[in-house]
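For reference, the structure is listed below as structure tokens.
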Amino acid sequence: MTGFSRRSALRGALALGVLAGCSKPGGPARRTPGPGPARLTFWAWVPGIEKCVALWNSENPDVQVTLVRIPAARSGGYSKFYSSLEAGQQPDLMHAEFSEMPAMMMYGGLEELTQHGGDQYRSLFVDWIWQQGAYGGGLYAIPQASGPVAMYYRRDLFDKWGIAPPRTWAEYAKTAEQVRSHDAYLGTFPPNNGQYQAALSWQAGARWFGTKDQRWTVDIDSEPTRRVMDFWQPLVRERLVKTIPDSGTAWYKDLSDGKSVTWMSAHWADGVLRGGVPNGTGKWAVAPMPQWGGPFVASNLGGSSTCVVRGTAYPKEAMRFAVWLNTNPRSIALLLAGGYGWPALRSTDSIPELHAPSPYYGGQSIAKVFGEANAGVDTAWKWAPITTQSLQVLTDQLGQAVNGAFTLRDALPTTQRRTVRAMEKKGLPLSAG
């Protein structure tokens, strides 16, 4: 890490509000505005977002946005962003997941928006999603979408086999046995996807990161997460579910061929499924996540915001675009068509496209299921600035576990220990408890 990044990390820790006496993070110096219209560069990977940018540019000659497509998230998008900060060649706006924003702040890369009037937009958005970009009394992002989780399933095959979508996790295990009798698998336990594992644990009541007495807490090796791993262990051991990487060629083929008949995923996965399994029209449906018992609880997988990058010559104009992008009904309709996720808006009544019946799901309006899931998310979940490293450790450990090196539960102590070590190396204050 360069000297700039190390200093930014320490200041960023303060900005996250986990130390007394919050200060704003460091970062690149403010650029000088040029002549003519404000010209903004926006880095994003969201499908269909180019249509939103074109619409904005056609209606706002005074603020022109150039979209630069970057690799998705941890596929290279974030490393490109951090490199751009180091080189002083950062964009004006950046698409970012909730889980990465603490790290982006730690690097001093995000503009604080309350100084530009950002708080006036708070009432437009769901409060817990708004809070994903609010730290230490400051605002560092405009919410875009969340990722409420439900279960996509092959309704045609379930009907053919006389199987109902499992309502509880106990039913899920029994249904997995039934589906195997038809030479198929109920689903996949993907060891390569740490965010998926986080979502499963989130629903079970885990809170991997938090703060106590202005210090970070880490609780990955916790009872709720152990419960999740213990549930999946016999399904993995007895080969009642697959353990191949999700989003790979073999995984898509299984979905297309009816060899894997459910996918537990977020609202944004609708676009992935329609695009990756085009022969599934009329065959799929959506049901709620199986429950552990008690009041209904869902989870969140992904979720993102539009961030104004520190150093832009046009912070107010960039924020204006970010708000329009994520509140204008025409923009949201275009984003929905691309499959960007569940809108972060407090009210979605003005977005008829969200609630329309879908031919792909046999005429089902999947918004009802995902809307209930969005309302059932535990909003106390937090992310930490070392999320990328932590999830990588977890996936490395689970990859060994599914191959029989040790149990799924045994992956957790190592992940916990290495996460704590990573936070210590970043100079982040940790609670002893």
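For segment 321-338, a residue qualifies if it is farther than 29 Å from residue 282 by Cα and open to solvent by less than 20 Å² (accessible area, probe 1.4 Å), and the qualifying residues are 321, 322, 323, 325, 326. For segment 136-225, the strands (runs of 3 or more DSSP E) that sit wholly inside it and include 2 or more residues that are open to solvent by 20 Å² or more (accessible area, probe 1.4 Å) are 209-212, 215-218. Residues that are outside any loop (DSSP other than H, G, I, E, B) and within 21 Å of residue 155 (Cα to Cα) were ranked within segment 226-259; the one that is farthest from the chain's Cα centre (by Cα) is 257. Assessment of segment 113-130 against the conditions (in a helix (DSSP H, G or I), in contact with a helix residue (DSSP H, G or I) (Cβ under 6 Å, 6 or more places away or on another chain), open to solvent by less than 20 Å² (accessible area, probe 1.4 Å) and not small (Gly, Ala, Ser)) yields at least one matching residue. Residues in segment 380-401 that are of a type in the set (A, V, I, L, M) and buried (at least 20 other Cβ atoms within 10 Å of the Cβ) were compared, and the one that is farthest from the chain's Cα centre (by Cα) is 401. Could you go through segment 339-355 and let me know if any residue there is without any contact (Cβ under 8 Å) to a residue 24 or more places away in the chain, outside the structural domain of residue 267 (by TED's automatic domain parsing), of a type in the set (Gly, Ala, Ser) and open to solvent by less than 40 Å² (accessible area, probe 1.4 Å). No, every residue in segment 339-355 fails to be without any contact (Cβ under 8 Å) to a residue 24 or more places away in the chain, outside the structural domain of residue 267 (by TED's automatic domain parsing), of a type in the set (Gly, Ala, Ser) and open to solvent by less than 40 Å² (accessible area, probe 1.4 Å).
On the given criteria, is residue 56 of a type in the set (Phe, Trp, Tyr) and under 22 Å from residue 266 (Cβ atoms)? No: the conditions fail for residue 56.
Residue 349: farther than 30 Å from residue 189 by Cα, assigned to a loop (DSSP other than H, G, I, E, B) and out of contact with any Asp or Glu (no Cβ under 6 Å at 6 or more places or on another chain), yes or no? So residue 349 passes the test.
The values are calculated or read from the model by the stated rules, or taken from the named source; none is laboratory data. Only a predicted model underlies this, so the values are computations on that prediction, with no experimental measurement involved. Here the Cβ is made from the backbone with ideal geometry for all residues, glycine too, and neighbour counts use every protein chain on show. Just the protein is used for accessible areas: all its heavy atoms, side chains included, with ligands, DNA and RNA removed. Shrake-Rupley method; radii C 1.70, N 1.55, O 1.52, S 1.80 Å.
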